[in-house]
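Peer 1: This is the structure I have questions about; it appears just below.
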């Protein structure tokens with residue numbers, strides 16, 4: 001009696017028969033994937049910082065007057081915090097005096113100053129821009145009014161109290177460095 005070899009799966013036998021003369025490709029070394037953990041709060045890298053050219057002269061901006069009081073705040077800032085800033089109750093931890101600077105020099109100095117202030121954990125700084133009496137108009141004050149509104153590191157600013165420079169200076173509240 002001859003026994004026939006029974007196959008449980010004709011498709012499998014057919015596949016093996018068709019693949020009998022196939023030779024595997026030469027194996028290349030495998031690359032093990034690296035597991036990357038993502039922080040919920042990305043760190044700011046130095047090369048992610050805006051260059052000093054961010055603070056460049058803006059044309060066709062609304063001019064300010066020498067005695068005009070400036071103020072700005074981002075949404076979500078507590079009213080009491082704004083009042084304290086306006087009244088000069090938050091101590092300025094650092095001061096930048098821009099008297100006599102050109103717009104280009106002021107922009108570069110401002111960028112360096114804000115970067116250093118935020119990296120060292122300062123929350124409130126004083127920026128003295130003057131009233132523009134020497135030039136006849138407050139050019140730096142006008143530029144600062146627009147620069148600081150667009151600067152993400154700035155939460156709020158307000159013209160200083162007379163004892164700190166009045167309409168010729170600004171209290172600036174900075175965002176916490178994470």
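Peer 1: Specify which of the listed residues (88, 107) is under 29 Å from residue 134 (Cα atoms) and in contact with a strand residue (DSSP E or B) (Cβ under 8 Å, 6 or more places away or on another chain).
Peer 2: The unique qualifying residue is 88.
Peer 1: Please count how many residues of the range 45-70 are surrounded by 13 or more Cβ atoms within 10 Å (Cβ to Cβ) and at pLDDT below 70.
Peer 2: 4
Peer 1: Next question. Output the residues belonging to the range 161-178 that are assigned to a loop (DSSP other than H, G, I, E, B) and over 22 Å from residue 120 (Cβ atoms).
Peer 2: 161, 165
Peer 1: Filter the range 66-76 down to the residues that are in contact with a strand residue (DSSP E or B) (Cβ under 7 Å, 6 or more places away or on another chain), part of a loop (DSSP other than H, G, I, E, B) and farther than 12 Å from residue 141 by Cα and list them by number.
Peer 2: Across the range 66-76, the qualifying residue is only 74.
Peer 1: Can you tell me which of (1) within 25 Å of the chain's Cα centre (by Cα); (2) modelled with pLDDT of 90 or more; (3) closer than 26 Å to residue 176 by Cα; (4) surrounded by 12 or more Cβ atoms within 10 Å (Cβ to Cβ) is the one residue 161 doesn't meet?
Peer 2: With (1) within 25 Å of the chain's Cα centre (by Cα); (2) modelled with pLDDT of 90 or more; (3) closer than 26 Å to residue 176 by Cα; (4) surrounded by 12 or more Cβ atoms within 10 Å (Cβ to Cβ) applied to residue 161, the lone miss is (1).
Peer 1: Related question: Determine which single condition residue 150 fails, assuming it passes every other condition in (1) surrounded by 13 or more Cβ atoms within 10 Å (Cβ to Cβ); (2) within 19 Å of residue 56 (Cα to Cα).
Peer 2: All conditions are met except number (1).
Peer 1: For the range 77-111, give me each residue that is closer than 16 Å to residue 157 by Cβ and part of a loop (DSSP other than H, G, I, E, B).
Peer 2: Of everything in the range 77-111, those that are closer than 16 Å to residue 157 by Cβ and part of a loop (DSSP other than H, G, I, E, B) turn out to be 77, 78, 87, 88, 89, 90, 91, 92, 93, 94, 98.
Peer 1: Same structure, new question: List pairs: first residue in the range 89-106 and without any contact (Cβ under 8 Å) to a residue 24 or more places away in the chain and at positive phi, second residue assigned to a loop (DSSP other than H, G, I, E, B) and surrounded by 14 or more Cβ atoms within 10 Å (Cβ to Cβ) anywhere in the structure, Cβ distance under 9 angstrom, at least six positions apart or on different chains.
Peer 2: Hits for this filter: 100/130.
Peer 1: Still on this structure, please answer the following. In this structure, does residue 77 turn out to be modelled with pLDDT of 95 or more and surrounded by fewer than 20 Cβ atoms within 10 Å (Cβ to Cβ)?
Peer 2: Taking the combined requirement at face value, the residue does not satisfy it.
The values are calculated or read from the model by the stated rules, or taken from the named source; none is laboratory data. Because the structure is predicted, anything quoted here is derived from the model rather than measured. No Cβ is skipped: glycine too gets one built from the backbone with ideal geometry, and neighbour counts run over all protein chains shown.
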